[in-house]
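The next block holds one structure in the form of structure tokens; read it before the comments.
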Amino acid sequence: MDKKILAAIAVLLIAAVAVGFAVFQNIESLKNRNLTATLAARQAVEKHDLETFKKFVDTDALINQAAAEILAAHINSTLSPTDYSTAALQKRYDEQKPDFVNSARTALDEYITTGKVTFPATLTGAQKFLQKTGVDSCEIKSITKPHLVGDEQTSTVIIYNPTMNFNFELELELEHDNDGNWRITKATGFDGYYYGYRRALRRKLNSLNIPIVQQIDEIFKVKSFRAKASDGDEYGFSSTLEIMLNADVHFDKPIAQVVGNVIIGKGDREHYSPFVVDMTGRSSGEQSFTVTKTLNPFVRADADAMKHGLKAKQLRIEITEIIFADGTKLKQLDQLPD
């Protein structure tokens with residue numbers, strides 16, 4: 001998953017800088033400003049003039065900002081329950097950032113130069129992700145007029161992803177360069193794309209998985225559960241959540257394992273931790289099971305639970321897969337079909 005997310009920033013950045021020219025047009029309504037550079041920047045896109053374009057858009061600054069936001073959101077959402085170390089988190093970020101930045105820069109340069117981003121016959125994981133998410137279909141829905149504060153301007157942009165059906169916002173900041181021309185120097189809100197895509201993907205998968213979930217429930221149905229927290233690692237950084245499940249089990253052929261997720265948090269703070277229940281020797285009927293989850297202080301949802309306790313509806317259990325003793329499986333979809 002880490003490498004697949006890299007390509008997302010490329011077209012998001014394209015959307016951000018393209019929005020900038022709508023901002024430039026609005027700037028013309030402001031008096032006593034040098035408009036020559038803003039007009040030139042807009043024309044640079046039309047003429048596919050990359051060199052001129054970069055004079056008026058700080059692409060390096062935007063790419064680095066987007067990398068920080070997207071990767072931070074991704075790492076926080078996919079962090080291992082037992083991976084709690086500032087150094088470890090920084091290492092993950094440092095390992096991913098170069099590929100992230102290079103991917104964005106390459107796609108951006110190609111887009112400005114040619115007006116499109118091409119895909120080879122054989123797609124990489126990142127390119128497949130880019131196509132499946134429909135990030136290259138993003139379109140600008142609205143943009144506010146620039147708000148001038150001193151020597152800086154800001155403008156809010158709402159961008160729509162029609163493929164996955166979600167909106168996200170970017171906040172653009174513009175400053176004067178040494179020649180007194182306006183230049184886009186920052187665009188924040190890229191993490192909104194990441195979380196918007198996660199929510200949209202979950203909605204689509206939930207819809208597709210309805211009949212599969214019904215089949216799973218007929219075999220292994222969680223009726224109730226209760227949880228209690230205890231000390232985790234010897235240094236006191238983490239806590240262990242022990243969860244006692246009551247389930248109705250009914251099967252026609254032996255089951256080897258039941259796979260599921262412990263889900264803590266709501267919305268963008270949701271964090272998933274997988275678990276596996278060994279069903280060897282188990283019989284049909286109502287039964288009890290115990291699963292555990294490590295609460296990681298570097299994961300926002302887990303940290304909230306450690307600090308404030310678990311509140312109603314902030315802990316969920318889902319069964320995602322049943323593995324039968326003969327090797328066959330009944331499994332929820334975890335990605336959209338091609």
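Here are some notes:
- One residue stands out among those in the range 252-269 that are in contact (Cβ under 8 Å) with a residue 60 or more places away in the chain and assigned to a loop (DSSP other than H, G, I, E, B): the one that is surrounded by the most Cβ atoms within 10 Å (Cβ to Cβ), which is P254.
- The set of residues in the range 302-317 being in contact (Cβ under 8 Å) with a residue 60 or more places away in the chain and either polar (S, T, N, Q) or in a strand (DSSP E or B) (or both) consists of L315, I317.
- Residue list for the range 228-272, filter: at pLDDT 90 or above and not aliphatic (A, V, I, L, M): E242, N246, D248, H250, F251, D252, K253, P254, Q257, G260, N261
- Put simply, of A126, A107, A61, A37 the only residue that is closer than 18 Å to A187 by Cα, at pLDDT below 80 and not polar (S, T, N, Q) is A107.
- Meets criteria (surrounded by fewer than 18 Cβ atoms within 10 Å (Cβ to Cβ), in contact with a Gly (Cβ under 7 Å, 6 or more places away or on another chain) and among the acidic types (D, E)) for E318: yes
The values are calculated or read from the model by the stated rules, or taken from the named source; none is laboratory data. As the structure is a computational prediction, the values presented were derived from the model and not from experiment. Glycine also receives a Cβ, built like all others from the backbone with ideal geometry; neighbour counts cover every protein chain displayed.
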